[in-house]
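K.L.:
The structure under discussion is supplied below as structure tokens; questions concerning it will follow.
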Amino acid sequence: MLTKADDYPIHQLPVPVSEVGSERNFYDRYFFNGYNQEGDVFFAVALCLYPNLNVMDGSFVLVYEGIQHNYRYSRELDLERLNTKVGALEVQVIEPLEKLRVLVEDKERNFKADITFNSRFEVMQEPRLTTSSGPRIIMDSTRMTQQGRWEGNINFKGKEIIIAPEVYLGTRDRSWGIRPVGSSDSQPIVPIKNPQFYWLWCPANFDKFSCHAYFVDDAEGNSVNSHSVIQRKSSQVLRKLSKEIQYEPGTRRVSYAKFSAEKENGNNVEMVIKPKYNMFMCGLGYMHPEWGHGQYKGKDESHYDYYDLAEDPHDPPFLHIQAISKIMFIEGGVEVEGVGVLEQLIIGKHKPSNFQDILDRAE
């Protein structure tokens, strides 16, 4: 079926843009986060379409005065992939790879946002991530990540939050490919095994530069996919990336992390990460039992709920978090303080952490 996108020179296959092959789990997502430099105001956005499910969904999360407010939207896609508006939420590409705008006008819930992401540095392409269960591909995705500043305003229950670019930093990413979405697989691969996924993802902003590092480990603690970049006027990929992790007792929440790497000139650098509080990614649909990614909710539906961040259920769907963090970058004995997030999803065995089962916790 031909759509508006076919009038743009963006084809990659000899078929209309609306067709993405036979994989039901294909997805194409925008993600954003933003925070002031104290870290006490935080917001995040996800908007994603699933061409072979004919669904689009999106969420806007605002953390304010210790409460996480979740505004959720879902609609039928109608195959038009360039219509990036779902319910009251819209993402606009103002200048590709440089400037994007997020709009929300939810009159029913007295919530409004008009915020623009402006790039600080060029986008970085992370290594392609592919995981499988036996012969079946579970994840196969490409992600580009970018650091930036925010400007605009958020109106929340009669209060106006001014988003000034000298105060509000953040990160955006675009990822696309294959990952589990929509309804659960009716016939999983046999024999059925407990899931295992170890994910740490840490984009950080400093006054004059930014850095980014992430890890995907197997059950033995071997890195199956990792990457680290430091950005100033240009980007430099770091090598020999390693980590030291401490957990809060009785949890799988990271209480302290140190990432170490080496620059091209041989200098060692470190990122020391100290989380302040957690934002639950299920507010954006990740692992949510009712408003999970790609679930069909109807032609055009929305929902609001909230979480008290003083409480941490530490069980599905609350395992996946972004921890707003103080981050210290150390090179040659010089320390520079910044802010960012440490995203965490730790399920199943991980030998270095002494996790032996699917959901056991640190002692």
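K.L.:
Among Ser302, Ser325, which is closer than 20 Å to Arg252 by Cβ and of a type outside the set (Asp, Glu)?
P.N.:
Values: Ser302 fails: closer than 20 Å to Arg252 by Cβ.
The conditions single out Ser325.
K.L.:
Separate question: List the strands (runs of 3 or more DSSP E) that sit entirely inside segment 107-156 and contain at least 2 residues that are touching a Ser or Thr at 6+ places or on another chain (Cβ under 6 Å).
P.N.:
The qualifying strands (runs of 3 or more DSSP E) are 136-156.
K.L.:
For segment 333-356, what are the residues that are modelled with pLDDT of 95 or more and either small (Gly, Ala, Ser) or part of a loop (DSSP other than H, G, I, E, B) (or both)?
P.N.:
Answer for segment 333-356, where residues must be modelled with pLDDT of 95 or more and either small (Gly, Ala, Ser) or part of a loop (DSSP other than H, G, I, E, B) (or both): Gly338, Gly340, Gly348, Lys349, Ser353, Asn354, Gln356.
K.L.:
Identify, by number, the condition in (1) closer than 23 Å to Leu62 by Cβ; (2) surrounded by 16 or more Cβ atoms within 10 Å (Cβ to Cβ) that Lys99 doesn't meet.
P.N.:
For Lys99, the failing item is (2).
K.L.:
Could you please tell me which pairs satisfy a Cβ distance under 7 Å, a separation of 6+ or placement on different chains, a first residue in segment 236-258 that is assigned to a loop (DSSP other than H, G, I, E, B), and a second residue that is among the hydroxyl-bearing types (Ser, Thr, Tyr)?
P.N.:
Listed pairs, sorted by first residue: Leu238/Ser228; Glu248/Ser255; Arg253/Tyr247.
K.L.:
Also: Go through Tyr27, Tyr35 for me and flag whichever is in contact with a His (Cβ under 8 Å, 6 or more places away or on another chain), among the hydroxyl-bearing types (Ser, Thr, Tyr), outside any loop (DSSP other than H, G, I, E, B) and surrounded by 15 or more Cβ atoms within 10 Å (Cβ to Cβ).
P.N.:
The conditions single out Tyr27.
K.L.:
Could you tell me how many of the residues in segment 68-106 are hydrophobic (A, V, I, L, M, F, W, C) and either without any contact (Cβ under 8 Å) to a residue 24 or more places away in the chain or part of a loop (DSSP other than H, G, I, E, B) (or both)?
P.N.:
8
K.L.:
Turning to a different aspect of this structure: Within segment 206-260, which residues are among the charged types (D, E, K, R) and within 30 Å of Pro165 (Cβ to Cβ)?
P.N.:
Step one: of segment 206-260, the residues among the charged types (D, E, K, R) are 207-208, 217-218, 220, 232-233, 239-240, 243-244, 248, 252-253, 258.
Asp207, Lys208, Arg232, Lys233, listed by residue number.
K.L.:
Which numbered condition trips up Asp207, out of (1) in a loop (DSSP other than H, G, I, E, B); (2) in contact with a strand residue (DSSP E or B) (Cβ under 6 Å, 6 or more places away or on another chain); (3) under 19 Å from Gly340 (Cα atoms)?
P.N.:
Every listed condition holds for Asp207 apart from (2).
The values are calculated or read from the model by the stated rules, or taken from the named source; none is laboratory data. None of these values were measured; they are calculated from a predicted model. Quick reminder, even Gly has a Cβ in these numbers, built from the backbone with ideal geometry, and neighbours come from all protein chains shown.
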